[in-house]
Amino acid sequence: MTFATFFNPTRQTRVLPGFNLALGYTLVYLSLMVLIPLSAVFIKSATLSWSEFWAVVSAPRVVATYQLSFGASLLAAAINAVFGLMLAWALVRYRFPGKKLIDALVDLPFALPTAVAGIALTALYAGNGWIGSLLEPLGIKVAFTPLGVLVALVFIGVPFVVRTVQPILEDLETELEEAAASLGAHRWQIFRRVLLPILLPALLTGFALAFARAVGEYGSVIFIAGNIPMISEITPLIIITKLEQYDYVGATAVAVVMLVFSFLMLLFINLLQAWSAKRTGRNR
Amino acid sequence: MSIQVEHIHKTFGQFVALDQVSVNFPDGALTALLGPSGCGKTTLLRVIAGLETADSGRVILDGEDASSTHVRQRQVGFVFQHYALFRHLTVFENVAFGLRVRPRRTRPKEAEIRLRVHRLLDLVQLDPLANRFPTQLSGGQRQRVALARALAVEPKVLLLDEPFGALDAQVRKELRRWLRRLHDELHITSLFVTHDQEEALEVADRVVLMHRGRVEQVGTPTEVYEHPASPFVYGFLGAVNTFHGRIDGTHLRVGEATLPHDGDAIHQGADAVGFTRPHELEIVTDLATPHGIEVILDRILTFGASARVELDSLPDADGRGEPTHYEVILPREKVDALGLVEGQRVRLVPSRIHVFPNQTA
């Protein structure tokens, strides 16, 4: 839509009615639900001077949480991209007993209260839990370490990748693979040169969603993380801690950093996705 | 390279797609696999390509049993009805795909790939569009890219699955001629699947007619059109008039009428069906003629070079209840010379009639 038609929608007769109403409603809704609360974060943190702000957000204990939060989230999203793709592949391409059930199970991390997931994971991975007791003798500690954080973030991110990749996979003609095979391509070459480029935009969307969710995740992580300062504390926990100490301004300062950082990363992933969509000829 | 299939049997669940099919496809010929949908022609093509595995039987490529060879190693070029182009690759890269996926030892140098792809794109007259994406091409262009892509790997045989099925009539006709010319240039053994009898008869050197998972007839277009081996082939290849009756001497008796026929293998008194093409029927206005079937002239359609006359049998003429519908094609002058009018009673005398025993009776 050009600038002129944006502000003069009446100049053109539209097939779809209600443009003004829809646009107005969208803007009001977005402002009320998203923009105003977010800008409040910025306004509140603006009561700090630059040096005070910097001191709060660059404290060693806070910086350690950024590293864990963003690092573990990226890693979890990457793991989910790989295994989510495999899960989606299995669900689309094969028929097996219990397929419907597994398909439904994928959505469970969406529905489960995060605290429940956190407690369940902690119980499993703690030194005396079912899985933890098996891993402990091998020298692998999961609960109360950064690894535990990763496990929790992987758990909550699974559905995002599966649900974004699945419809694209369903639309993918098997003829493409047959054509590639008749041209002499091996399984791996077919995946690498035909399937992956076509799936990449959807895969990146799933990755971005899983990442965004992981960065903001709180409930499921704090139980399994153990919250040891400098080791297994996540940024949302720092914010909560500051709030509990009535340090509202400090909490919003950290929140601003998180917000900006998340926004930049999502923007980057979106650009990457637009680029790959263009390369795969999605834009007709 | 010649292709032979021997006793190929293939079922999908309860459905028998191919029932002990054996055919020879000679070296260098362009053969059409023709039949109605569901007759097994596409399955046969896919079995030959290695995209489908037969339950039993052998596929012999160039004298060697290739039944267990993977599609990757069969060196067949396959063209799909819906093109199956890689939409994330340009036209150039689509054609180059088969060369790029080769193992390093046999992969041509980049310059060589360029040369070969451009030569192929020239061949399909698409070189100016080398940098376009498939979505920016028309259907006919896409199918030509698909063909160039299949030819890039220098296949020993070219298999085309309803290659023109998704195109509109005009483009279809043009591509048909073009495929024929291309084949005359390359002389690569080619098989194409079609349900369009006109397409098969026009383009192919040989036609393999299939029906219900079996081969009904194999021959040149003229052979199968002039001498259909079965009632099915007669009905499938072009318009046909049928006469249901009983063998009586050298005649086919339809109700009261008698039609002379030259058949011999059918024993006396047997139920039989006679087939004639619309141009093999003569209209006789003299109702006293000893032979021929009396009919009512329904409609005369005079457009184009020849006239089409539609006629109906007299009510209950052959004891089958409903009136039978006939179609005659004759020169326009003949219509005027005979002074035909709609509603008139005339006799139909076949100049040629082919009689088959009636299996349904």
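Looking across A:Val194, A:Val149, one residue alone is away from chain B (no Cβ under 14 Å) and modelled with pLDDT of 90 or more. It is A:Val149.
Are there any strands (runs of 3 or more DSSP E) wholly within region B:1-119 with 1 or more residues that are open to solvent by 10 Å² or more (accessible area, probe 1.4 Å) and of a type in the set (Asp, Glu), and if so which?
Numbers: elements: B:3-12, B:15-25, B:30-34, B:56-61, B:76-79.
Those strands (runs of 3 or more DSSP E) span B:3-12, B:15-25.
Of the numbered criteria (1) surrounded by fewer than 19 Cβ atoms within 10 Å (Cβ to Cβ); (2) more than 14 Å from chain B (Cβ to nearest Cβ); (3) not polar (S, T, N, Q), the one A:Leu209 fails is (1). Of the residues making up region A:90-109, those that are under 28 Å from A:Val149 (Cα atoms), open to solvent by 40 Å² or more (accessible area, probe 1.4 Å) and out of contact with any Phe, Trp or Tyr (no Cβ under 9 Å at 6 or more places or on another chain) are A:Leu101, A:Asp103, A:Ala104, A:Leu105, A:Asp107, A:Leu108.
For A:Leu200, the conditions (1) more than 9 Å from every other protein chain (Cβ to nearest Cβ); (2) buried (at least 17 other Cβ atoms within 10 Å of the Cβ); (3) not β-branched (Val, Ile, Thr) all hold with the exception of (1).
Report whether or not A:Val41 is under 22 Å from A:Leu264 (Cα atoms) and loosely packed, with under 12 Cβ neighbours inside 10 Å. Let's see the steps before the verdict.
On the way: under 22 Å from A:Leu264 (Cα atoms): yes; loosely packed, with under 12 Cβ neighbours inside 10 Å: no.
No: the conditions fail for A:Val41.
When every residue of region B:128-144 is checked against the conditions, none turns out to be open to solvent by 50 Å² or more (accessible area, probe 1.4 Å) and either aliphatic (A, V, I, L, M) or under 30 Å from B:Ala239 (Cα atoms) (or both).
As a summary of the residue check, A:Ala212 satisfies the conditions (1) free of Cβ contacts under 8 Å to residues at least 60 places away in the same chain; (2) over 25 Å from the mean Cα position of the chain (by Cα); (3) more than 16 Å from A:Thr65 (Cβ to Cβ) except for the one numbered (2). When B:Asp196, B:Asp248, B:Asp205, B:Asp286 are screened for being farther than 25 Å from B:His325 by Cα and of a type in the set (D, E, K, R), only B:Asp205 passes. Going through region A:222-252 one residue at a time, which ones are farther than 21 Å from A:Ser73 by Cα and open to solvent by 30 Å² or more (accessible area, probe 1.4 Å)? Hits for region A:222-252 are A:Lys242, A:Leu243, A:Glu244, A:Gln245, A:Tyr246, A:Asp247, A:Tyr248, A:Val249.
What residue, among those in region A:157-190 that are β-branched (Val, Ile, Thr) and crowded, with 22+ Cβ neighbours inside 10 Å, is nearest to the other protein chains (Cβ to nearest Cβ)? Among them, the one singled out is A:Val165.
Specify which of the listed residues (B:Leu85, B:Leu123) is farther than 30 Å from B:Gly13 by Cα, facing chain A (nearest Cβ under 9 Å), hydrophobic (A, V, I, L, M, F, W, C) and in contact (Cβ under 8 Å) with a residue 40 or more places away in the chain. Of B:Leu85, B:Leu123, the one residue that is farther than 30 Å from B:Gly13 by Cα, facing chain A (nearest Cβ under 9 Å), hydrophobic (A, V, I, L, M, F, W, C) and in contact (Cβ under 8 Å) with a residue 40 or more places away in the chain is B:Leu85.
The values are calculated or read from the model by the stated rules, or taken from the named source; none is laboratory data. The model shown is predicted, which means the values in this text are computed figures rather than measured ones. Please note: Cβ atoms are built from the backbone with ideal geometry, for glycine as well, and neighbour counts cover all protein chains shown. Just so you know, the surface numbers come from the protein's heavy atoms only, side chains and all, with ligands and any DNA or RNA stripped out. Shrake-Rupley method; radii C 1.70, N 1.55, O 1.52, S 1.80 Å.
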